[in-house]
């Protein structure tokens, strides 16, 4: 699979945010956060269980520039002011349905100054040609002759016998064969891995006592380690050891901080959580990931034969707080429908498949996901599985993902009305743009095919007046509202199954 295809596939499970880092609610912007969250559905079968859960992968990139970067070239600066020196990034995760959360992995855990780049490539080309010819003859003439003599006594009388055998075989054969073949193969493989940690900075990642909320601390380590040397005897200037002062002062010249501090920070952090629901699910599975990012600046200047260095306190540092809002995990974790045949798994039998949470009353919500995790149906208005007497008009939301632009799909419904009731209509809307109606007046089992209705989602026959494409590459939603034709009489409607397949 190519890198582009793999990246596209990952995007089906991704929530992306690009956030300005703003100090407080109305303060200045001091940086940028670029975060992506990938959501994957899983079943935890450890300890002889079968518990629905999700895996959340987070990758966050934080960019904080130096607002006053120096110009390259000769300089004789006597001070360096307000450059980035410490980055603190804290993350918290909120869930519902009494979920259990485990932080499985964070990166970096510890990171010292290092830069590594590796590139590998290999190619091969093989070509072969073979020709083989053989011919020959054989002639065989075999004669065999044998004599068998036996003797003995029967009482006092001698007895005996002689037998002869003879055989002759003759064989003459010729053979000739020719064989030829060619073969050719070619292979090319390239791989590239770039890992850039930091230069003259270090990082440490740690978690809270519940192993849920990670925090990363990034700090300049050379020429001045701002994490180790942050003590101040006068409340303002940092007391630096002599060997650190020697790094920062060359005669009368003040040496700059690290290159990252000079020109700006660009760091990436990763975390993986496992979210499980051992107590069951009664509402949409959601998570909220909250971030707090703080940036501390430092300054240093010449002070006689020494260096006067200052470091911002927590109360003065820039701090931004932001969050994802509630992410609906089941929708983000849906697999794209991969093909249009009956084996694509995009089918739900409402009596055969397990509900995430079933309908219990006409006012109660429900949700069910296909066994292949590629179609989700949720809504309300059903009294039971999946029958309604129209105490409230049922609403169905069908969510699925499509990865192509050419396959023709239809949404199929197997349904019927009760014998004592009247017909009903289904008003459908695709992706909040296209809409239409279905008229349902068949009873259960009336010819079989009469219990199946279809909504044509894509028709690529440009010669047809039905040429259309309601589908998007990505997430698609179909909303259906079911209403009786005559609300004054007793009515009942049953939805037995739903599928998405070839038109």
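The values are calculated or read from the model by the stated rules, or taken from the named source; none is laboratory data. The shown structure was predicted, so the numbers you read here are calculated from the model rather than taken from an experiment. Using ideal geometry, Cβ is built from the backbone for each residue, glycine included, and neighbour counts are taken over all protein chains shown.
Would you be able to say whether some residue in segment 381-392 is outside the structural domain of residue 43 (by TED's automatic domain parsing), touching a strand residue (DSSP E or B) at 6+ places or on another chain (Cβ under 8 Å) and over 24 Å from residue 487 (Cα atoms)? The answer is no, given that none of the residues of segment 381-392 is outside the structural domain of residue 43 (by TED's automatic domain parsing), touching a strand residue (DSSP E or B) at 6+ places or on another chain (Cβ under 8 Å) and over 24 Å from residue 487 (Cα atoms). Looking across 38, 17, one residue alone is outside any helix (DSSP H, G or I) and more than 25 Å from residue 263 (Cα to Cα). It is 38.
Does segment 331-346 include one or more residues that are without any contact (Cβ under 8 Å) to a residue 24 or more places away in the chain and over 17 Å from residue 43 (Cβ atoms)? For segment 331-346, residues without any contact (Cβ under 8 Å) to a residue 24 or more places away in the chain and over 17 Å from residue 43 (Cβ atoms): present. Screening segment 67-92 for residues that are touching a helix residue (DSSP H, G or I) at 6+ places or on another chain (Cβ under 7 Å) and closer than 11 Å to residue 256 by Cβ and picking the one that is modelled with the lowest pLDDT gives 70.
Each row is one residue, and each column tells you yes or no for (1) modelled with pLDDT under 95; (2) in the same structural domain as residue 60 (by TED's automatic domain parsing).
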| site | (1), (2) |
| --- | --- |
| 305 | yes, yes |
| 309 | no, yes |
| 315 | yes, yes |
| 342 | yes, no |
| 346 | yes, no |
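Among (1) surrounded by fewer than 21 Cβ atoms within 10 Å (Cβ to Cβ); (2) over 23 Å from the mean Cα position of the chain (by Cα); (3) over 25 Å from residue 20 (Cβ atoms), there is one condition residue 314 misses while meeting the rest; what is its number? Failed condition: (3). All conditions in (1) in contact (Cβ under 8 Å) with a residue 40 or more places away in the chain; (2) under 27 Å from residue 52 (Cα atoms); (3) part of a loop (DSSP other than H, G, I, E, B) hold for residue 377, with the sole exception of (3).
Per-residue answers, yes or no, for (1) assigned by TED's automatic domain parsing to the domain that holds residue 355; (2) closer than 25 Å to residue 223 by Cβ; (3) part of a helix (DSSP H, G or I); (4) out of contact with any helix residue (DSSP H, G or I) (no Cβ under 8 Å at 6 or more places or on another chain):
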| site | (1), (2), (3), (4) |
| --- | --- |
| 240 | no, yes, no, no |
| 243 | no, yes, yes, yes |
| 247 | no, yes, yes, yes |
| 262 | no, yes, yes, yes |
| 265 | no, yes, no, yes |
| 270 | no, no, no, yes |
| 274 | no, no, no, yes |
| 280 | no, no, no, yes |
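You will find that of 255, 248, the residue that is buried (at least 20 other Cβ atoms within 10 Å of the Cβ), at pLDDT below 95 and more than 26 Å from the chain's Cα centre (by Cα) is 248 and no other.
Each row is one residue, and each column tells you yes or no for (1) touching a strand residue (DSSP E or B) at 6+ places or on another chain (Cβ under 7 Å); (2) assigned to a strand (DSSP E or B); (3) over 17 Å from residue 84 (Cα atoms).
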residue: 203; (1), (2), (3): yes, yes, no
residue: 209; (1), (2), (3): no, no, yes
residue: 217; (1), (2), (3): yes, yes, no
residue: 224; (1), (2), (3): yes, no, no
residue: 229; (1), (2), (3): yes, no, no
residue: 234; (1), (2), (3): no, no, yes
